[in-house]
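Peer 1: Structure in structure tokens, see below.
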Ligand SMILES: NC(=O)c1ccc[n+]([C@@H]2O[C@H](COP(=O)([O-])OP(=O)(O)OC[C@H]3O[C@@H](n4cnc5c(N)ncnc54)[C@H](OP(=O)(O)O)[C@@H]3O)[C@@H](O)[C@H]2O)c1
């Protein structure tokens, strides 16, 4: 039982994590940039990863931190903001944790760090991972593949929205790159289990679902779960980069970002051997997870 500070508490993963921490007997302390209108399941603390001075009070009195907050690939990424939030935020959180005597940090990283040519998101998350691992704190890093489940924002929610709305789904490149979509509930189980395991400090785990699928197969599974025909149109990679950068310039919430294109061009390994060895998590089959996702949203 611990007081657990959650950064990124308002996001896709954070919204699902808070009640599960409370159910596991922890006291969640939820970091929000702005106080939310509806009371979430936990104490709210205000702070901004890009404003180091705001983090000391947020971390003070916490036994552990789950670090989810990030400038992610789901929206337009400004380079200065990505570095300030993802890299500066990591340094600031490490300093605040040291000052507060809070040794345990579970960091949510990404498969993008494995890409040989990562975009801004992958580069900044990779630098942050290195800072955390070199911090001397009891850090465990989780690197999920694409996370899917019920929610109101994030990469999957946006993709499912496109599949629902568009008569033809655009696919970046041939769509033959692989991913291991992981069900949100399963990832949360791993986070909660990791908090209870100080012996896994210093370790890094890829986290993915049991089904390794191509992007085309993932889209087909989403269509099947929604009971829709899956008609795809292929966008050449070069065109996708140009389109994404134009969309990022003109839209606050673009349906495609440059970092999405980076993620769709190269294979990331998502090697489950370490997580299976140390945690043996229950991993929901993709078809079942998608069915539960859309049932929850109905
Ligand atoms: N979803 C996936 O498929 C996936 C896959 C792999 C890794 N991850 C990682 O998992 C973590 C959570 O992802 P998610 O899908 O939940 O992301 P998300 O829905 O985009 O949420 C991002 C969270 O970060 C917060 N944030 C952004 N800038 C901040 C700042 N300057 N200070 C404090 N908080 C800030 C956001 O707060 P506001 O509400 O104030 O914007 C929000 O709570 C991220 O680190 C991401 O890299 C996600």
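The values are calculated or read from the model by the stated rules, or taken from the named source; none is laboratory data. Worth saying up front: this structure is predicted, and the values here are computed from it rather than measured. Glycine gets a Cβ as well: all are built from the backbone with ideal geometry, and neighbour counts include every protein chain shown.
Peer 1: Kindly evaluate residue 73 against the criterion of being within 14 Å of the ligand (Cβ to nearest atom), over 18 Å from the mean Cα position of the chain (by Cα) and either in contact (Cβ under 8 Å) with a residue 24 or more places away in the chain or surrounded by fewer than 18 Cβ atoms within 10 Å (Cβ to Cβ) (or both). Let's see the steps before the verdict.
Peer 2: Values: within 14 Å of the ligand (Cβ to nearest atom): yes; over 18 Å from the mean Cα position of the chain (by Cα): no; either in contact (Cβ under 8 Å) with a residue 24 or more places away in the chain or surrounded by fewer than 18 Cβ atoms within 10 Å (Cβ to Cβ) (or both): yes.
In short, no.
Peer 1: If I ask for residues that are crowded, with 23+ Cβ neighbours inside 10 Å and more than 10 Å from the ligand (Cβ to nearest atom), which ones from the range 103-118 would you list?
Peer 2: Scanning the range 103-118 gives 105, 106.
Peer 1: Check residue 61 against each of (1) in contact with a strand residue (DSSP E or B) (Cβ under 8 Å, 6 or more places away or on another chain); (2) assigned to a loop (DSSP other than H, G, I, E, B); (3) within 11 Å of the ligand (Cβ to nearest atom) and name the one condition it does not meet.
Peer 2: (3)
Results for (1) touching a helix residue (DSSP H, G or I) at 6+ places or on another chain (Cβ under 8 Å); (2) surrounded by fewer than 20 Cβ atoms within 10 Å (Cβ to Cβ), shown as yes or no for each residue.
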position	(1), (2)
130	no, yes
137	yes, yes
142	yes, no
149	yes, no
154	yes, no
164	yes, yes
171	yes, yes
175	yes, yes
184	yes, no
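Peer 1: Filter the range 49-58 down to the residues that are assigned to a loop (DSSP other than H, G, I, E, B) and either surrounded by fewer than 20 Cβ atoms within 10 Å (Cβ to Cβ) or away from the ligand (no atom under 11 Å from the Cβ) (or both), then identify the one that is farthest from the chain's Cα centre (by Cα).
Peer 2: 51
Peer 1: Of the conditions (1) near the ligand (Cβ under 9 Å from one of its atoms); (2) surrounded by 22 or more Cβ atoms within 10 Å (Cβ to Cβ), residue 81 satisfies every one except a single condition; which number is it?
Peer 2: (2)
Peer 1: Just checking, which of 16, 71 is over 18 Å from residue 139 (Cα atoms), touching a helix residue (DSSP H, G or I) at 6+ places or on another chain (Cβ under 6 Å) and outside any loop (DSSP other than H, G, I, E, B)?
Peer 2: 16
Peer 1: Could you count how many residues in the range 192-226 are assigned to a strand (DSSP E or B) and crowded, with 16+ Cβ neighbours inside 10 Å?
Peer 2: 5
Peer 1: I'm told residue 9 meets every condition in (1) within 24 Å of residue 198 (Cβ to Cβ); (2) more than 8 Å from the ligand (Cβ to nearest atom) except one. Can you identify the failing condition by its number?
Peer 2: Among (1) within 24 Å of residue 198 (Cβ to Cβ); (2) more than 8 Å from the ligand (Cβ to nearest atom), the lone unmet condition for residue 9 is (2).
Peer 1: Restricting to the range 78-114, name every residue that is part of a loop (DSSP other than H, G, I, E, B), closer than 23 Å to residue 247 by Cβ and at pLDDT 95 or above.
Peer 2: 110 - this is the single residue of the range 78-114 that is part of a loop (DSSP other than H, G, I, E, B), closer than 23 Å to residue 247 by Cβ and at pLDDT 95 or above.
Peer 1: Working only within the range 128-158, note down all residues that are in contact with a strand residue (DSSP E or B) (Cβ under 7 Å, 6 or more places away or on another chain), closer than 30 Å to residue 297 by Cα and either free of Cβ contacts under 8 Å to residues at least 12 places away in the same chain or not in a strand (DSSP E or B) (or both).
Peer 2: 145, 146, 149, 156
Peer 1: Evaluate the range 29-41: report whether one residue or more is modelled with pLDDT under 95, more than 8 Å from the ligand (Cβ to nearest atom) and touching a helix residue (DSSP H, G or I) at 6+ places or on another chain (Cβ under 7 Å).
Peer 2: Yes: the range 29-41 contains one or more residues that are modelled with pLDDT under 95, more than 8 Å from the ligand (Cβ to nearest atom) and touching a helix residue (DSSP H, G or I) at 6+ places or on another chain (Cβ under 7 Å).
Peer 1: Scan the range 260-270 for residues that are under 17 Å from the mean Cα position of the chain (by Cα) and in a loop (DSSP other than H, G, I, E, B) and jot them down.
Peer 2: Residues satisfying the conditions are 264, 268, 269, 270.
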